[in-house]
Amino acid sequence: MKFTLFGVNIMLPSDVLAAWVFTLLLGAVVVFLVLKKKRLGLIWEYMVTTNHRKIGILYILFGIIYFFRAGLDALFIRTQLAFPNNDFWVFQGEKYNEVFTTHGTMMIFFVAMPLLLGLMNTVVPLQIGARDLAFPFLNAVGFWLFFFGSIFFNISFFLNMTPEIGWTGYAPLSTEQFTPGAGSDFYIFGLQISGLGTIFTALNLIVTIVRHRAPGMKMTRMPLFAWTSLITSFLILIAFTVLAIALYLLMFDRLFGAGFFSGTEGNPIYWQHLFWIFGHPEVYILALPAFGIFSDVISTFSRKRVFGYPIMVLSVALIGFLGFMVWAHHMFTVGLGPMANTFFAITTMLIAVPTGIKVFNWLFTMRLGVIRFTTPMLFSLGFIPSFVMGGVTGVMLSVSAADFQFHDTHFVVAHFHYVIIASTILGIFAGLYYWYPKITGYVLDEKLGRWHFWTFLIGFHLTFFPMHITGLEGMPRRVYTYDDSGGLAELNFMSTIGAFLMGVSMLFAIWNVYKTYKEGRKVGNDPWDGRTLEWSVASPAPEHTFDPMPVVEGIDSFWFAKSAGKKMPVTDQVRATPLEVQSILPFLIGSTLFFLSLGLTFSWYWLSILSAFILFTLLVVRSLKDEREDHYGRRK
Amino acid sequence: MKRLLVMPFLLLLTGCNIKVLDSRSDTANDQAFLIIYSFSLMLIVVLVVSILFIRFVFKYRYTEERKDNIPPDVKGNKWLETAWVIGPLLLLAILAVPTIMMTYDQSPVLSTESEQEGTSVQVTAEQFNWTFEHANGKTEQNRLVIPEGGTILLHLKSEDVIHSFWVPRLGGKVDVMPDRELVYEIKNPQIGTYEGKCAEYCGLGHTNMKFEAEVVSADEYASYLNEK
């Protein structure tokens with residue numbers, strides 16, 4: 001619809017208008033509730049916090065909000081594809097291209113990443129006996145960069161300038177010649193800002209895990225979630241740096257007429273190489289922490305230590321290493337030649353070996369155990385067969401000559417949803433149900449948890465299993481319609497039903513959180529009969545933990561002390577603890593990058609220069625102050 | 001294991017003529033073989049895991065009698081762990097042999113490196129059309145006519161962004177790049193009319209960037225080339 005505001009003619013499609021109305025109404029409700037319950041102080045508290053648990057909560061909160069937003073995109077996609085030659089609302093052509101772009105980009109960068117980083121932030125320090133992350137201030141900066149990056153990406157929709165280049169942003173389609181609008185710039189800067197934050201958090205986690213473990217907590221005694229977080233952080237450090245370079249070059253192509261990815265000097269292949277050198281490790285960045293969560297959950301609820309701990313750690317490291325040697329399996333059809341295609345086919349197959357080791361070790365962790373079917377365990381049990389199904393289609397895809405058929409069809413869509421949802425999403429759900437008591441002090445309702453699990457799992461298989469077949473029936477990715485042939489109609493309709501079932505399952509999750517908030521049962525330190533250190537501190541984890549500091553004597557030290565009826569030995573010989581500060585600077589630093597990018601996107605260079613100047617000033621202000629001096633004295 | 005129950009139902013529903021598997025050329029036939037071959041090998045993996053999974057979950061589930069049971073503290077088992085390193089490696093070796101053979105046979109190569117002989121067709125993709133130019137200069141849009149039997153050499157080049165050439169029944173995809181010309185072979189196609197499409201997202205009209213691939217007899221091809 002068209003209307004005039006302040007003398008400017010504005011054209012808004014109905015979906016954007018609906019988003020405005022919905023967001024304004026929801027915003028009004030939230031503001032009303034905040035004011036009525038007098039919670040402005042609480043919001044301020046979270047804006048200035050550098051505490052790892054609170055920052056973790058912020059990551060998780062926004063991850064879940066974006067999960068609903070990107071999930072809604074998925075429902076639009078599935079509704080448009082419900083019938084052959086369907087015309088649902090506005091989602092044909094351009095709008096469809098926008099909606100699959102935002103669905104993919106948001107699910108990867110603004111849902112899976114923050115939820116995992118949130119869990120790592122909250123849990124890793126508690127698991128290894130650290131009182132906070134090594135650099136609390138940097139941790140807050142990392143979060144606010146993620147926050148402003150995600151907001152920057154999201155406002156594009158409200159301005160009706162959504163990117164439409166797919167989450168992979170392939171050049172030359174993403175260069176200025178073919179997508180001259182601001183959409184692709186929102187993609188570039190949104191990912192660039194939040195990616196920077198992710199790199200900071202990865203650095204922080206590495207230093208924390210290497211430097212701030214409790215006495216006796218050798219690397220070889222760490223819980224597997226801490227291990228996978230460490231290895232994931234190294235992957236982030238390398239992969240996100242490559243992404244930052246790729247986005248930087250694309251930014252120069254778009255804004256300043258450089259020709260890295262097009263023209264006579266440049267080459268569109270360079271983008272694909274850079275993107276997938278980031279993109280494939282990213283898959284493991286999403287999967288490995290989930291593997292860690294499953295290892296801890298399966299071990300706890302089987303009442304047994306993890307089977308083959310050394311080989312479990314080794315296989316994670318191997319997956320991480322091999323993860324950097326397989327990127328061109330996304331490019332089998334590009335024409336790199338038979339030699340490259342063979343090399344990348346073989347390396348890809350090899351990844352199946354360490355992954356297989358993990359699956360069998362999980363199975364044998366359960367063997368001889370006492371398996372309790374709590375909600376976190378249900379999600380972990382659902383993961384094993386579902387993930388194996390995604391894994392074997394991965395091996396099928398690695399067969400490069402067969403991939404000429406699979407490539408860019410719904411078969412691939414089925415494959416990556418199988419692996420990512422089975423590992424990352426089920427892992428996040430398992431982790432959230434498992435550590436919810438440690439984060440909030442309440443345990444989520446088991447009955448609603450089971451409803452959530454079963455509806456989600458059935459919906460998930462119903463959605464993605466038929467896509468294997470529609471792909472082989474010749475349905476390419478990223479098309480908004482299809483003809484009724486070869487059973488495409490029935491299979492697609494089945495997928496749509498499954499997608500809505502997954503949508504319904506999320507309502508159970510929300511109902512569960514609300515019910516727990518209203519009438520939840522307060523729990524003690526150790527509601528699950530846990531094995532690792534986080535269950536030795538109070539629920540919710542207080543700001544000052546591990547006082548006195550426990551001494552770790554082996555794997556699952558807490559559990560063995562508990563079952564022997566003893567307390568863990570303690571010590572007062574501890575390393576200097578990272579200090580929490582209250583500061584609004586991280587928030588401001590994030591916001592300056594937001595305005596800097598806004599200026600570059602719309603060529604308002606005065607705004608960029610001003611923001612850069614303020615950013616520089618903020619960094620100077622920060623570097624003049626070292627809060628540790630007041631506490632530990634000046635470094636000699 | 002409801003998903004295992006669903007599988008045969010879905011296969012029945014779609015019948016056995018899934019396009020990619022119901023191949024109409026030697027090229028697509030080899031690919032269909034690889035798909036079935038890798039699928040069968042992988043089915044072994046799925047079965048082994050499912051059997052162990054169901055058995056362990058059922059046998060070691062929590063029951064009232066086992067409420068206070070403290071399981072033995074098993075750290076690992078080096079023989080078992082070696083077994084599931086060697087087993088998958090063997091399985092992958094069996095899979096790798098035909099993979100490497102066919103990858104060498106079928107991977108698209110640069111035009112300058114191609115040494116094959118056959119009927120050449122120049123394929124030009126642009127947003128959102130296909131143009132097919134035959135050896136004698138005959139040009140047609142969105143309809144590819146090729147002779148049955150023998151080898152078809154498609155020389156592919158894009159005018160703008162990256163596209164991908166795909167006729168599911170005749171063979172896999174090959175990307176159509178703006179910066180280089182690739183050659184893709186289709187061996188021994190059979191007579192028939194097949195649908196072709198762009199498989200790489202290329203912008204607004206991607207969904208409708210389709211064409212028709214018609215395989216005709218050699219005589220008909222000759223007369224097609226000569227008709228105006």
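Taken together, the values in this text are just the output of simple stated rules run on the coordinates, not laboratory data. Since the structure is predicted, the reported quantities are computational estimates derived from the model, not experimental observations. FYI the Cβ positions are ideal-geometry reconstructions off the backbone, even for glycines, and counts take in every protein chain you see.
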>> So if the hydrodynamic radius of segment A:382-476 is defined as the Kirkwood radius over C-alpha pairs, what does Stokes-Einstein give as its diffusion coefficient at 37 °C and 0.692 mPa s, in µm² per second?
In response: 226 µm²/s
>> Between segment A:506-525 and segment A:414-450, how far is it from one alpha carbon centroid to the other, in angstrom?
In response: 14 Å
> Quick one: Karplus J couplings for segment A:567-572, per residue in order, coefficients 6.51, -1.76, 1.60, θ = phi - 60°, nearest Hz, x for Gly and Pro?
Replying inline: 9, 5, x, 10, 8, 10
>> Could you work out [θ]222 nm for chain A from helices alone, using -39500 (n - 2.57) per DSSP H run of at least four and dividing by all its residues? Round to the nearest 500 deg cm²/dmol.
In response: -22500 deg cm²/dmol
> Counting DSSP beta bridges in the protein assembly as shown, what percent are antiparallel, to the nearest 5?
Replying inline: 75 percent
>> Give the average over all directions of the projected area of the C-alpha convex hull of segment B:110-226, one decimal, in nm².
In response: 6.5 nm²
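Within segment A:565-636, list the GluC sites (Glu not before Pro) lying in a DSSP loop whose Cβ has at most 16 other Cβ atoms in a 10 Å radius.
Details: sites: A:Glu580, A:Glu627, A:Glu629; in loops: A:Glu580, A:Glu627.
Sites meeting the loop and neighbour criteria: A:Glu627.
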>> At 0.890 mPa s and 25 °C, plugging the Kirkwood radius over alpha-carbon pairs of segment A:472-542 into Stokes-Einstein gives what diffusion coefficient in µm²/s?
In response: 146 µm²/s
> Which shape class, rounded, prolate or oblate, goes with segment A:39-632 when its Cα gyration tensor gives a ≥ b ≥ c as root eigenvalues, a/c under 1.5 marks rounded, and past that a/b bigger than b/c marks prolate?
Replying inline: oblate
> Out of A:Trp604, A:Leu462, B:Phe128, whose Cα points farthest toward the positive end of the dipole of the protein assembly as shown (charges: +1 Lys, Arg; -1 Asp, Glu; placed on Cβ)?
Replying inline: A:Leu462
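Excluding B:Pro108 itself, what net charge comes from residues whose Cβ is under 13 Å from its Cβ, given Lys and Arg +1 and Asp and Glu -1? Don't jump to the answer; show the numbers that get you there.
On the way: positive: B:Lys157, B:Lys173, B:Arg180; negative: A:Asp403, B:Asp105, B:Glu113, B:Asp175, B:Glu181, B:Glu185.
Surrounding charge for B:Pro108 is -3.
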>> If you filter segment B:106-185 for GluC sites (Glu not before Pro), then keep DSSP loop positions with at most 14 other Cβ within 10 Å, what is left?
In response: B:Glu115, B:Glu117, B:Glu159
>> Largest first, please: the extent of the C-alpha atoms of segment A:542-636 along each principal axis, to the nearest Å.
In response: 67, 34, 20
>> For a quick check, take a GNM of chain B with Cα springs below 10 Å and name the residue from B:Ser50, B:Ser164, B:Ser114 with the largest mean-square fluctuation.
In response: B:Ser50
> Quick one: Cα centre-to-centre distance for segment A:308-365 and segment B:203-228, in angstrom?
Replying inline: 41 Å
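Treating only the Cβ of Lys, Arg, Asp and Glu as charged (+1, +1, -1, -1), what charge dipole size does segment B:110-226 show about its Cα centre? Round to the nearest 20 debye.
Working: 9 positive and 19 negative charges, 59 e Å.
Dipole size: approximately 280 debye.
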> By the scheme Lys and Arg +1, Asp and Glu -1, what is the net charge of all other residues having a beta-carbon under 10 Å from that of A:His103?
Replying inline: -1
>> Can you find, among A:Asn361, A:Asn204, A:Thr374, the residue sitting farthest towards the positive end of the charge dipole of chain A, where Lys and Arg contribute +1 and Asp and Glu -1 at Cβ?
In response: A:Thr374
> Which value, to two decimals, describes the C-alpha radius of gyration of chain B once divided by 2.2 N^0.38 Å?
Replying inline: 1.43
> Rounded if a/c is under 1.5, else prolate if a/b is larger than b/c, else oblate: which is segment B:2-106, with a ≥ b ≥ c the root eigenvalues of its Cα gyration tensor?
Replying inline: oblate
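With loop defined by DSSP as not H, G, I, E or B, and exposure as at most 15 other Cβ atoms within 10 Å, which is the longest segment of chain A clear of exposed chymotrypsin sites (Phe, Trp or Tyr not before Pro)? Spell out each step's value before the answer.
Details: sites that count: A:Phe6, A:Trp89, A:Phe373, A:Phe602, A:Trp604.
It works out to A:90-372.
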>> Could you tell me the center-to-center distance, by alpha carbons, between segment A:164-232 and segment A:66-103 in angstrom?
In response: 27 Å
> Hey, which lysines would be in cross-link range of A:Lys37, C-alpha to C-alpha under 19 Å, not counting anything within fewer than 8 residues on its own chain?
Replying inline: A:Lys515, A:Lys518
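Charges only on Cβ, +1 for Lys and Arg, -1 for Asp and Glu: so what's the dipole of segment A:396-545 about the Cα centre, in debye to the nearest 20?
With only Lys, Arg, Asp and Glu charged at Cβ, the dipole is about 540 debye.
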> If you keep only loop residues by DSSP, which trypsin sites (Lys or Arg not before Pro) in segment A:172-233 have at most 12 other Cβ atoms within 10 Å of their Cβ?
Replying inline: A:Lys218
> Dipole of segment A:2-118 (Lys/Arg Cβ +1, Asp/Glu Cβ -1, origin at the Cα centre): which of A:Ile108, A:Leu33, A:Gly93 lies farthest to the positive side?
Replying inline: A:Leu33
